[in-house]
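Below is one structure, written out as structure tokens, with a few remarks after it.
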Amino acid sequence: MLLITRFINCALGALFTWAAVALAQTPATGSISGRVQSEDGRTLHATVTLSFAKPRGFPSPPRRTSTDTNGAFTFTRLSAASYALCVQVSASEPAPANSPFVDNCVWPSGQAPITVSAGQQVAGVVVTAPQGAWLQIRADDPDHVLPQALPAKGPALLEPELQLILKGPDGLYRHARFASNDGAGRNYQVAIPLKTAVALKVASSVAEAFDQGGNQVKDTDQIGFQPATPTDLNPVKFTLHRKGQ
């Protein structure tokens with residue numbers, strides 16, 4: 001009985017080893033090619049990121065490429081799998097002042113995954129870069145509770161003195177980015193998608209935040225937005241006061 005068990009274990013081990021070798025030797029000859037365009041059909045210069053649409057059970061870092069002058073991109077040497085694409089439009093691309101391109105690597109656009117069979121060349125993929133609205137946030141700081149001296153690139157996203165955190169319908173968190181500061185406070189902004197429920201939270205280790213009506217905004221409060229058009233989104237203003245005062 002012991003010999004039979006050992007034989008079965010050896011046979012199974014050999015089978016799994018053969019399967020792993022066969023999988024490793026499967027040529028990754030598939031490809032995905034296409035172009036990036038705006039909602040009005042204009043070709044765009046962008047960074048395109050390709051990743052597996054589902055977890056693979058092993059490290060699988062995303063691949064990135066830049067579009068050419070015609071907005072075209074290509075990913076080669078792909079194995080058979082389902083892939084997701086997202087785009088980050090170059091800051092040099094013109095867009096209306098109140099309707100920026102949304103980074104859909106941060107805010108997923110819902111584009112369907114692309115399935116590539118072994119050796120398949122998938123061409124003609126069109127990725128449309130969505131346009132959204134600027135959420136402008138002003139933090140008045142009359143007590144000067146925030147650090148006045150800032151690094152050249154502004155404060156870190158996880159600065160404990162003030163964090164402006166946005167939660168999307170997928171449950172993931174993003175941060176509004178520092179834009180500028182002056183002697184009276186700071187300005188932040190973030191491009192958010194239209195017709196999408198977004199909630200803003202304010203967190204600070206040194207200050208209490210109050211809205212324009214003078215009501216305290218606790219770190220458990222969520223301020224909701226769901227703009228249908230860019231003009232539906234008004235600037236948000238907070239006033240910070242030192243905790244304990």
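None of the figures in this text is laboratory data; all of them are computed from the coordinates on show. None of these values were measured; they are calculated from a predicted model. Counting neighbours? That spans all protein chains shown, and the Cβs are built from the backbone with ideal geometry, glycine included.
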- Query: Which residues in segment 110-147 place their backbone N less than 16 Å from a point set 7 Å from the Cα of T43 along the Cα-to-Cβ direction?
  - Reply: 124-129
- Message: Show me the trypsin sites (Lys or Arg not before Pro) within segment 138-212 that DSSP assigns to loop and that have at most 15 other Cβ atoms within 10 Å of their Cβ.
- Response: K153, K195
- Query: Any idea what the dipole of segment 133-242 comes to, in debye rounded to 20, about its Cα centre with Lys/Arg Cβ at +1 and Asp/Glu Cβ at -1?
  - Reply: 320 debye
- Message: Given the options F52, P96, A152, identify the residue whose Cα lies farthest towards the positive end of the charge dipole of the chain (+1 on Cβ of Lys, Arg; -1 on Cβ of Asp, Glu).
- Response: F52
- Item | Gained length - A203 relative to S180, 0.36 nm times residue gap less alpha-carbon distance | 6.4 nm
- Cα-centre dipole for segment 28-128 with unit charges at Cβ (Lys and Arg positive, Asp and Glu negative), debye to 20: 440 debye
- Note on the structure: Checked against the positive end of the charge dipole of the chain (+1 on Cβ of Lys and Arg, -1 on Cβ of Asp and Glu, about the Cα centre), the farthest of L162, Q216, L172 is L172
- Query: All other residues with a Cβ under 10 Å from the Cβ of T239 taken together, and with Lys, Arg as +1 and Asp, Glu as -1, what is their net charge?
  - Reply: -3
- Task: Quickly estimate the mean residue ellipticity at 222 nm for the chain, helices only: each DSSP H run with n ≥ 4 gives -39500 (n - 2.57), and the total goes over all residues, rounded to 500.
- Result: -3500 deg cm²/dmol
- Query: Stretch E93-D170 to full length: gain in nm at 0.36 nm per residue minus the Cα-Cα span?
  - Reply: 24.9 nm
- Among (i) 23.7; (ii) 14.5; (iii) 20.3, the entry that matches mean projected area of the Cα convex hull in nm² as calculated here: (iii)
- Item | Extended-chain gain in nm, criterion 0.36 nm per residue less alpha-carbon gap, E159 and Q216 | 18.5 nm
- Relative to the Cα centre, what is the charge dipole magnitude of the chain, using +1 at the beta carbon of each Lys and Arg, -1 at the beta carbon of each Asp and Glu, and rounding to the nearest 20 debye? 900 debye
- Dipole of the chain, positive direction: furthest Cα of P108, Q189, P130, with charges on the beta-carbon: P108
